[in-house]
Amino acid sequence: MTKYRRVWLCILLLMLGIVYLMYQHREASHFGGLRLLAQEELLQTTEGKICLENPSEIGGILCLNGKDIAYDKASSTYYVPHCIDKKVFEAVFTASMSACDIYLETSPAWEQLAESVQEGHLFHVWFVAEHAYAVCNMIFTGAPVMTLNSMERVSYAYGVGELALFDPDDEEVAGLSIRVSDTLLKRNANSGTYSIKLMKKTLEEEKKLSLLGMGKNNNWKLYKVSENDGTLMRAMLASDVWNVINTDSNLQRKYQFVELVVNNQYQGLYLLTPKWTRAFLQADDNCLLHKAEDISNEELAVLWKFVDSMSLSRYALFLQITYAFKNTVEDYIILEQMMEDGKSGCILLPDKLEFAFGGFNDKLNYLSWNDTSDMLLSYTDMGIEENLWREEIFPLCSQNWKQLRLGELETVHFLKQVQMYKDYLVRSGLAKRCVREDMFGYYFDKLEQYITDRLEYLDAYFGEAAEGTQG
């Protein structure tokens, strides 16, 4: 009897082994719920069918966990989020049309998805219907992807649209994490900046949403990362400096990288951040917010007179550390509030951080990083009167600088933050796909040296506070 049991046990183990091998083979021939086929097999499958050379309307057929995926019509490319800390792709692809079969073309890159994300590998997706077929591209990205859609073109005036945010690091949802209808959208044609106002939520009493962990807000901005910034991180670093300077106030504002698709047109890499509003700043209804470029020089001159020394010194220190020259004449906000004595009091806030840490556009000789590591903004550049600068603002800047250099702006600590952004940009694939000519490493080395040189130079500059006359 024991002999028969052993035989049956061997047979059972053999059958289990066969089932396991069959399962492994099936898993190897599938990805995200779709079949993987070699190009030769796909050509045989589509033999005699019409090939759609311009499959611009394919967007919307392929879904991720039942939701639409970001799609760029011009390049016929899907942008699929994937958590760079996970080796296994947990989401499931489905088709929104039953009359269309979807296949993924085989590639060794499917077995090394983390490396494929980093290298920006272009996968191919085949859509096969009864009489026709089309081939589209697919890119896996480790960055969040935001889509904005509207019935009309997004322009300078607010129009109704829809927002969807795909967050690859959202543990609860592998694909779509947020979708909001009846969103108001507008775009600044000159800067490429988008403004988003959330109007409808699932709960009527909740007017705000937290996007990418930046707190609940209903007004958001999207700032385009400059194509001239080969490191992709200068504006992000400038925002970090601003937050460190204002760590004891409610003037801090977080930023997050997102890839943006508007009306099925890929726009590139952007920075998502809450908009400066009274609600965000926890200011009362009597306060006013002024954009520097929207008011006259006469009005600006009047408002500047009411900026207190602490706010002015912090803003001046921010400008000097980052050499953000454009934020001296425009790209800044003035918060005007009524004081207890009935007079106005004003606070300065940076808006779009387009040029900082030695980054300029081509006309301003952008590639000459070292030209600004030892350059300074004068009190005239910053709109500060000489006596005020010498007697109050410079001493405050110097004192604050020395304190910051013992903490968040200590050289090793600061460079660790820079390295952290580098690691993220490389692992997410942004460094490969968003920097021209594969030059990210070169530009990063230049930025790292620039920051080291500038911190050292500012140590000497603010160390000469005895005279208090640096200008």
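Near A99, within a Cβ-to-Cβ distance under 15 Å, what is the net charge of the other residues, with Lys and Arg +1 and Asp and Glu -1?
-2
Please report, to two decimal places, log10 I(q)/I(0) for the stretch 68-218 at q = 0.17, 0.21 Å⁻¹ as given by the Debye formula with identical point scatterers on the Cα atoms and no solvent.
Taken in order of the listed q values, log10 I(q)/I(0) reads -1.12, -1.34.
Which of the three applies to the stretch 23-109, rounded, prolate or oblate, going by the alpha-carbon gyration tensor with a ≥ b ≥ c and a/c under 1.5 meaning rounded?
It is oblate, given that a/c is not under 1.5 and a/b is not larger than b/c.
Which number do you get for Rg(Cα) / (2.2 N^0.38 Å) in the chain?
1.19
Specify which residue in the list N219, T77, G441 is farthest towards the positive end of the charge dipole of the chain, using unit charges on the beta carbon of Lys, Arg (+1) and Asp, Glu (-1), about the Cα centre.
About the Cα centre, the residue reaching furthest to the positive side is T77.
Among rounded, prolate and oblate, which fits the stretch 103-167 when a ≥ b ≥ c are the square roots of the eigenvalues of its C-alpha gyration tensor, a/c under 1.5 means rounded, and a/b larger than b/c means prolate?
Oblate, since a/c reaches 1.5 and b/c is not below a/b.
Of the options T94, N297, A134, report the single residue whose Cα projects farthest towards the positive end of the charge dipole of the chain (beta-carbon charges: Lys, Arg +1; Asp, Glu -1).
The listed residue farthest towards the positive side: T94.
Using the Cα centre as the reference, give the magnitude of the dipole from point charges on the C-beta atoms of the chain (Lys, Arg: +1; Asp, Glu: -1; all else neutral), rounded to the nearest 20 debye.
1620
Which value in nm describes the separation of the simple spin-label points at Q252 and V128, placed 7 Å from the Cα toward the beta carbon?
5.5
Quick check on packing: order 224-236, 429-441, 294-306 by the mean number of other C-beta atoms within 10 Å, highest mean leading.
224-236, 429-441, 294-306
Quick check for you: with a 1.4 Å probe and neighbouring chains kept, what is the accessible area per residue of the chain, in Å²?
Each residue of the chain exposes 51 Å² on average to a 1.4 Å probe.
Stokes-Einstein D for the stretch 88-134 at 10 °C, 1.306 mPa s, Kirkwood Rh over Cα pairs, in µm²/s?
Taking Rh from Cα pairs, D becomes 128 µm²/s.
Measure nothing but the geometry: give the 0 to 90° angle between the long axis through the Cα atoms of 440-463 and the longest principal axis through the Cα atoms of the chain, rounded to 10°.
20
For the charge dipole of the chain, defined by +1 on Lys and Arg C-beta atoms and -1 on Asp and Glu C-beta atoms about the Cα centroid, which residue among L251, I61, T277 has the Cα displaced farthest towards the positive pole?
I61
Is the shape of the stretch 183-284 best called rounded, prolate or oblate, per the rule: a/c under 1.5 gives rounded, else a/b larger than b/c gives prolate, else oblate, with a ≥ b ≥ c the square roots of the Cα gyration tensor eigenvalues?
oblate
For the pairs K87/K432; K73/K221; K208/K416; K275/K326; K291/K422; K86/K422, note any where the Cα-Cα span goes beyond 22 Å.
Correct reply: K73/K221; K208/K416; K291/K422.
I need two numbers for the stretch 252-334: Rg to one decimal and Dmax as a whole number, Cα atoms only, in Å.
Reported Rg and Dmax, both Å: 15.8, 48.
Round to the nearest 0.05 the FRET efficiency obtained for R278 and H30 when R0 = 60 Å and r is the Cβ-Cβ distance.
Working from the Cβ atoms, E equals 0.70.
Leaving out ligands, DNA and RNA, what percent of the accessible area of the chain is carbon and sulfur, probe 1.4 Å?
That share works out to 51 percent.
Considering only DSSP states other than H, G, I, E and B, which trypsin sites (Lys or Arg not before Pro) in the stretch 67-96 qualify as loop sites with at most 12 other Cβ atoms within 10 Å?
Answer by residue number: K87.
What full-extension length gain, to one decimal in nm, is calculated for E437 and Q449 as 0.36 nm per residue of separation minus the Cα-Cα distance?
Result for the pair: 2.2 nm of gain on full extension.
Using label points projected 7 Å from each Cα along Cα→Cβ, tell me how many nm separate S96 and D381, to one decimal.
The modelled label-to-label distance comes out at 5.0 nm.
The values are calculated or read from the model by the stated rules, or taken from the named source; none is laboratory data. Since this is a predicted model, take the numbers as computed values, not measurements. Counting neighbours? That spans all protein chains shown, and the Cβs are built from the backbone with ideal geometry, glycine included. To get the accessible areas, we keep the full protein, side chains included, count just its heavy atoms, and leave off ligands, DNA and RNA. Shrake-Rupley method; radii C 1.70, N 1.55, O 1.52, S 1.80 Å.
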